[in-house]
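Below is one structure, written out as structure tokens, with a few remarks after it.
The values are calculated or read from the model by the stated rules, or taken from the named source; none is laboratory data. What you are looking at is a predicted structure, and each value in this text was computed from that prediction instead of being measured. So basically every Cβ, Gly included, is an ideal-geometry build from the backbone, and we count neighbours across all protein chains shown.
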Amino acid sequence: MAAKLPPVPPTLRSVQHYLKTATEHDGRDAAVSYYCRLYAVQKSLQIDKKSPDAVKFITTLMDHLEQAKKQNADNEAIHTETIGHAHIEQYALKLFLYADNEDRSSRFGKNVVKSFYTAGMLFDVLETFGELNDDIEKNRKYAKWKATYIHKCIKEGLQPQ
Amino acid sequence: SNTVGQSTAASAEQDDLTSRLARLRQQ
């Protein structure tokens, strides 16, 4: 289900990445889209729940989440957060391991950058379910660092080490 | 006054967003 949202207000620009990941998963994995947007709502409420633009934006996002929950009545990962937690964690780890394997095999490409990047975003989304354990925390830092590093190497025509 | 009314309305809207999120997650 594609989301038609108003533009992200300047105060909430940092949640834009999660909304982009949500949009990329619309039609591919409804639970991933749902929890990315849920995380974006949580973060937005922490950052700015006072300015009229932010209130309008969060309200629209919330409308969308409520609708998504109704439209995915048979999706257990959306309706039961413990299942959702496991689903997002497995999905993020799968992406992370794919990228890590490609990296260790010296196969660098935009898809590796994208996989590390998305895994990093989804490790953030896991905060929805509580504090991250040490392994996830480590993977999150590593995935984000690797995405930035390989991206920089590709851009500058350097061979990642 | 109008200002008090507006700020009460804004505060109610914020509470509403927080409780809407809580309800969504509990359903």
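Here are the numbers for this structure:
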| quantity | calculated |
| --- | --- |
| Any hit, region A:26-35, residues being within 29 Å of A:Thr148 (Cα to Cα), among the small types (Gly, Ala, Ser) and without any contact (Cβ under 8 Å) to a residue 24 or more places away in the chain | no |
| Filtered residue count, region A:28-62, keeping only those that are more than 15 Å from A:Asp124 (Cα to Cα), touching a Ser or Thr at 6+ places or on another chain (Cβ under 9 Å), away from chain B (no Cβ under 11 Å) and at pLDDT 95 or above | 1 |
| Out of A:Leu65, A:Leu97, sole residue that is surrounded by 13 or more Cβ atoms within 10 Å (Cβ to Cβ), within 28 Å of A:Arg13 (Cβ to Cβ) and either within 11 Å of chain B (Cβ to nearest Cβ) or free of Cβ contacts under 8 Å to residues at least 12 places away in the same chain (or both) | A:Leu65 |
| Hits in region A:143-161 (condition: in a helix (DSSP H, G or I) and in contact (Cβ under 8 Å) with a residue 12 or more places away in the chain) | A:Ala143, A:Lys144, A:Lys146, A:Ala147, A:Ile150, A:His151, A:Cys153, A:Ile154 |
| A:Ala77 in a helix (DSSP H, G or I), surrounded by 21 or more Cβ atoms within 10 Å (Cβ to Cβ) and either within 14 Å of chain B (Cβ to nearest Cβ) or out of contact with any helix residue (DSSP H, G or I) (no Cβ under 6 Å at 6 or more places or on another chain) (or both) | yes |
| Which numbered condition A:Arg28 misses (of (1) in a helix (DSSP H, G or I); (2) under 30 Å from A:Pro160 (Cβ atoms)) | (1) |
